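K.L.:
Can you read through this structure? Questions will come right after.
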Amino acid sequence: MWLEKRSKSCPIDGAALEDSDLFPDLYTKREILEQRILCPFEGCGISLPLMELDGHMTECSFKENVEPEKEKECSFKAFGCLAVLTNSEDLSKHLQSELHNHMELLVKTCSRLTQPSLAHKAQESEHFWSPSKADEESPAILPQKELIRALYERIVLLEQSNREQEAELRKSQQQVSSLSAELSVCKEHLSRIMHSGEYVWKINKFKLTLNRMLINPTYMYYSPYIYTSAYGYRFRARLNISLQNKNYLALNIHLVSGDHDATLDWPFSGQIMLAVAHPDDSLLTVKETVMSEPDLEAFKRPIKDMMNARAFGFNEFISISQVLENGYLDDDTLIIRIQVKII
C-alpha cells in the first residue's frame, strides 16, 4: 500500500526504490499468521492461529448464528447517488473512488437550492397574465402566452447573468484594492530609499501614542526603515519617554541590518540631524546635529536581520509640556525630521 501511494519510495528517507530493492519479509509474515485469534462467530470461542482462521470459518457450526450483513446504501443517496453496496468494505471503496462524482452531486444540489429553475420561473410567469377561460380557448391568445413565457425566461437568464457579473465585479474590486494597498507600500518603501537619508516622520494621533508611553514608560515608538541610499545604510528613529526624566521625550537613531551591509564601511561614519518641527514657526523648531563616534556600539555593523540594541541620540530632546502647550501638534500630528549623511 505504501509503495502504491508514494510511487515506490522508501518510507524512512524517501529514496526511490527499484524492483530489485524489494523482497517479501517471510519471517514477519509467518509471525503474523501464527498469532492466535478467536473465532468471530458467536458461541464458538475456539482460539486458533490466524493462518487457519479462513478454513475454520467455512466449517464452523456456529456460522449460521451470524446474520448476513445488510446491503449498504451510499451516504450521498440524498444528493442523487443510487449505488447500493453489499458490505462496509465495498462502501468505503465506493466513497473513495466516486469522490469527484459525489462533489458534483453536491454542487448541483446546492445550485438547485440557491437558484430557482427556469421551469419554476416559467410557471411563475403564468401569474402575470391570467386570461379568462374563454380567452384561453382562443387561437389568438396562445402566441401571446408563449411570447410572455419566453420573455420571462429571458429575464431570468439576464438576472442570472447580472448576478454573475456583479460577483466578478466584486472580486475585481477586491483585487484592485489589494493591489492599490501593495502599491502604496511599495511607493512608501521606494521613497524612503530614494530620499538619501532624509525622512519626515509624521506621528498621527500623537496624544494617544503619548498616553500609551506614559502608562508604560518602557514602550518604544519606532519610525519606518530609512536608507541613506538605494544600496546604503538602513536605520530607524525611536521616540519614547526619557528614562532619566519622565517629563521629556527621548529621540534616538538605531542602525538596522540591511541587504548591502557587506559592501559598506564599518563602523558607520556620518552626521545625524534630528528635529521636531513647529508647524507654524520654523524658528521654534527644535533641532540638534551630532557626528557619529566610531568607538560606540551604536555605529558598529548590526547582526544579520537585527537592529543594534544600542542607539545614538538624545535622552532629553524636548519636554512633553513644550510639545503640548506651544503648538507643536498639527491636528494631533507630531512632525519629526530626520537626516543622516555619510562622511
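K.L.:
Can you work out which of the residues in segment 283-317 that are over 19 Å from Tyr199 (Cβ atoms) and of a type in the set (Asp, Glu) is modelled with the lowest pLDDT?
P.N.:
My answer is Asp305.
K.L.:
A further question on this structure: What about Leu274, is it open to solvent by less than 70 Å² (accessible area, probe 1.4 Å), touching an Asp or Glu at 6+ places or on another chain (Cβ under 7 Å), closer than 20 Å to Thr289 by Cβ and not in a loop (DSSP other than H, G, I, E, B)?
P.N.:
So Leu274 passes the test.
K.L.:
Of the residues that make up segment 266-287, is at least one aromatic (Phe, Trp, Tyr) and either closer than 13 Å to Val340 by Cα or in contact with a Cys (Cβ under 9 Å, 6 or more places away or on another chain) (or both)?
P.N.:
Yes, segment 266-287 has at least one match.
K.L.:
Mind listing just one residue for me: the one in segment 300-323 that is in contact (Cβ under 8 Å) with a residue 40 or more places away in the chain and part of a helix (DSSP H, G or I) and, of those, most open to solvent (accessible area, probe 1.4 Å)?
P.N.:
So the residue we want is Ser321.
K.L.:
In addition: Consider Thr289 against the criteria (1) in a strand (DSSP E or B); (2) within 42 Å of the chain's Cα centre (by Cα): it satisfies all of them except one. Which criterion is unmet?
P.N.:
So the condition that Thr289 fails would be (2).
K.L.:
Since Lys202 meets every condition but one in (1) outside any helix (DSSP H, G or I); (2) free of Cβ contacts under 8 Å to residues at least 60 places away in the same chain, which condition does it not meet?
P.N.:
Every listed condition holds for Lys202 apart from (2).
K.L.:
Here's a follow-up. Which of the residues belonging to segment 12-52 are of a type in the set (D, E, K, R), modelled with pLDDT of 70 or more and open to solvent by 90 Å² or more (accessible area, probe 1.4 Å)?
P.N.:
Matches in segment 12-52: Glu18, Lys29, Arg30, Glu34, Arg36, Glu42, Glu52.
K.L.:
OK, next. Consider segment 227-270. How many of its residues are open to solvent by 10 Å² or more (accessible area, probe 1.4 Å), in a strand (DSSP E or B) and modelled with pLDDT under 95?
P.N.:
Counting residues in segment 227-270 that are open to solvent by 10 Å² or more (accessible area, probe 1.4 Å), in a strand (DSSP E or B) and modelled with pLDDT under 95 gives 3.
K.L.:
Residue check: is Asp332 surrounded by fewer than 18 Cβ atoms within 10 Å (Cβ to Cβ) and under 28 Å from Lys205 (Cα atoms)? Let's see the steps before the verdict.
P.N.:
On the way: surrounded by fewer than 18 Cβ atoms within 10 Å (Cβ to Cβ): yes; under 28 Å from Lys205 (Cα atoms): yes.
So Asp332 fits the description; yes.
K.L.:
Report the residue count in segment 321-343 for those that are more than 38 Å from the chain's Cα centre (by Cα) and farther than 15 Å from Leu284 by Cα.
P.N.:
3
Results for (1) loosely packed, with under 12 Cβ neighbours inside 10 Å; (2) out of contact with any helix residue (DSSP H, G or I) (no Cβ under 7 Å at 6 or more places or on another chain); (3) at pLDDT 70 or above, shown as yes or no for each residue.
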residue: Lys72; (1), (2), (3): no, no, yes
residue: Leu82; (1), (2), (3): yes, yes, yes
residue: Leu91; (1), (2), (3): no, yes, yes
residue: Leu106; (1), (2), (3): no, no, yes
residue: Cys110; (1), (2), (3): yes, yes, no
residue: Pro131; (1), (2), (3): no, no, no
residue: Ser138; (1), (2), (3): yes, yes, no
residue: Tyr152; (1), (2), (3): no, no, yes
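K.L.:
In segment 272-282, what residues are more than 22 Å from Met213 (Cβ to Cβ) and either charged (D, E, K, R) or modelled with pLDDT of 95 or more (or both)? Steps first, answer last, please.
P.N.:
Going residue by residue through segment 272-282, those that are more than 22 Å from Met213 (Cβ to Cβ) are 272-273, 280-282.
Scanning segment 272-282 gives Ile272, Met273, Asp280, Asp281.
The values are calculated or read from the model by the stated rules, or taken from the named source; none is laboratory data. Model, not experiment: these values are computed from the prediction. As a convention, Cβ positions derive from the backbone with ideal geometry for all residues, glycine included, and neighbour counts pool all protein chains shown. When the accessible area is computed, the model is the full protein with side chains, heavy atoms only, and any ligands, DNA or RNA have been set aside. Shrake-Rupley method; radii C 1.70, N 1.55, O 1.52, S 1.80 Å.
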